[in-house]
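This report concerns only the one structure given below.
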Amino acid sequence: MSVRCAHPPCGATHDAARCPRCGWPRDASLVRDPDFLEARIDAIARRLPPHLEDRHQSLPAEVGVEAFQLVLQERLGLSAVHLRSGAPGHDALGDEGIASLAARDPDRTVVSRYLDPRAPGVLAAGDVSVCPAVGWRPDDPAFEPVWAELEARGARVLARTGVLATGHPGSSVLGEPLAWDPVCRRFPRLRLQLCGAGGAVAYEHVARMLAVHPSVRADVSGPGVRALDRWLRLQVDVDWSRVAWGNDGHPLTYPASLTLLIHTLDRHGAGGLLHGLLRPSPGW
Ligand SMILES: [Zn+2]
C-alpha cells in the first residue's frame, strides 16, 4: 500500500521501504538508528563538497536535540550553520536553546535571535529572525526605526515566508515575500534573507524580489525545496548566486533533506547548481 513520505518537505507517495526521493524510512524506528543514518550519508557523500554550509537551521524544542545537531554537523563536515531562533509558542528552539548550542561549537555556528518588531526592546548585536505571519506587516511604518537600525548595523534579517504551519495563530497572508518589497525600497542595504523561498506558493515572488533588490537573499530550506522544484520545472529566471540551502528541521533530517535536494536538482538536470547552493559565496 502506498504511503505519504513522513519527511515533511518531501511530499512523495510511495510503497517502498525507503522513500525514492529522500530516502526517509517507512519504518519510523529507523529514523534514529545510527547505522541507517550512516548508510544514508554514505549514499550521498560523493556528491557533497568537502565543507558545506547550512544557511538556515531551525530546531524543534525537543530534549537532547542539541546533541543530535552537534553530531550531524560534525559528521557532515558543515563549516557554517546559521541557527534561526523560533517564534515563541511554535515548538521551535528559542533564543536560549540556540545560544547554548552555539556556545558548544562557536567556530561554525551563527545565531539569529528572535525579534518581534511590535516589541523590539533593545536590539541585541548580530542577526535576527522574524516571522510576520504571527500577526504583523513588514511595511508597518511603526517598524521603520527597527529596520533602519538593522540596516545600519549590517545585521542579517532571516524572515520566515510561506504558509504558516497548522495550529498556530496568525495569517499565512502575512508570510507573503512581496510584503517586504516596500521595506527593501526604503532600506536598500537591509540584508534580508527570505527563508524557505516562499515554498510551493510564492516562489515566483521570491525570484522577483531577488531580481529587483540586490541586498535580498533566499534559502531553499525545508518547504523551500518545493520552490526550487518549481523554479527549475518552470524555468524561472533566478539569480542562483543569491540562493543557498538550509536544513530547517530536526538534525536527524539532514541526510533526507540533502538527498531530496540532490534528487530535485538531478530530476531537472540541474546537478551543477548543487555546490553553489551548499557553499555560498563569501558575500552571500
Ligand atoms: Zn521522501
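Values quoted throughout were computed directly from the atomic coordinates according to the rules given, and no laboratory measurement underlies them. Quick caveat, the model's predicted, so the values are computed rather than measured. Don't worry about glycine lacking a Cβ; one is built from the backbone with ideal geometry, like all the others, and counts go over all protein chains shown.
As a rough guide to protection, the peptides 166-176, 182-192, 213-223, 130-140 ranked by mean Cβ packing within 10 Å, highest first, stand as 213-223, 130-140, 182-192, 166-176.
Using a cut-off of 15 Å between beta-carbons, work out the net charge of the residues near Val81 (Lys and Arg +1, Asp and Glu -1, Val81 not included). Please list the in-between numbers first.
Numbers: positive: Arg55, Arg75, Arg84, Arg104, Arg108, Arg156, Arg279; negative: Glu53, Asp54, Glu66, Glu74, Asp105, Asp107, Asp127, Asp219, Asp248.
Overall, the nearby charge balance is -2.
Could you list Asp266, Asp127 so that the one with the fewest beta carbons within 10 Å of its beta carbon is first and the one with the most is last? Numbers along the way, then the final one.
Values: Asp266 12, Asp127 23.
Least to most surrounded, the residues fall as Asp266, Asp127.
Phi angles across segment 12-24 convert, under the Karplus curve 6.51 cos²θ - 1.76 cosθ + 1.60 with θ = phi - 60°, into 3J(HN,Hα) values of 6, 10, 8, 10, 9, 5, 10, 4, x, 8, 10, x, 5 Hz, Gly and Pro given as x. Over the chain, dividing the summed -39,500 (n - 2.57) contributions of all DSSP H runs of at least 4 residues by the number of residues returns a 222 nm mean residue ellipticity of -9000 deg cm²/dmol.
Neighbours of Ala16, meaning other residues whose beta-carbon lies under 15 angstrom from its beta-carbon, give a summed charge of +3 when Lys and Arg score +1 and Asp and Glu score -1. Amide H contacts for Arg217 (H built 1.01 Å from N in the peptide plane; partners 5 or more residues away or on another chain; cut-off under 5 Å): Leu192, Gln193, Leu194.
Each part gets one Cα centre, and for segment 144-196 versus segment 1-66 those centres are 29 Å apart. 3J(HN,Hα) couplings calculated from phi for segment 207-217 with the Karplus curve 6.51 cos²θ - 1.76 cosθ + 1.60 (θ = phi - 60°) are, in sequence order, 4, 5, 4, 4, 5, 9, 10, x, 8, 8, 10 Hz; Gly and Pro show x. Calculated on the Cα set of the chain, radius of gyration then Dmax: 18.0, 56 Å. Each principal axis of the Cα cloud of segment 150-284 was evaluated for its coordinate range; sorted largest first, these ranges are 39, 37, 29 Å. All other residues whose Cβ lies under 12 angstrom from that of Glu96 are scored, Lys and Arg at +1 and Asp and Glu at -1, for a net of -1.
Using the alpha-carbon positions of segment 1-135, Rg (one decimal) and Dmax (whole number) come out as 17.2, 55 Å.
Once you charge only the Cβ atoms, +1 for Lys and Arg and -1 for Asp and Glu, what is the size of the charge dipole of segment 106-249 about its Cα centre, to the nearest 20 debye? Could you put the intermediate results ahead of the total?
Numbers: 17 positive and 16 negative charges, 27 e Å.
Roughly 120 debye for segment 106-249.
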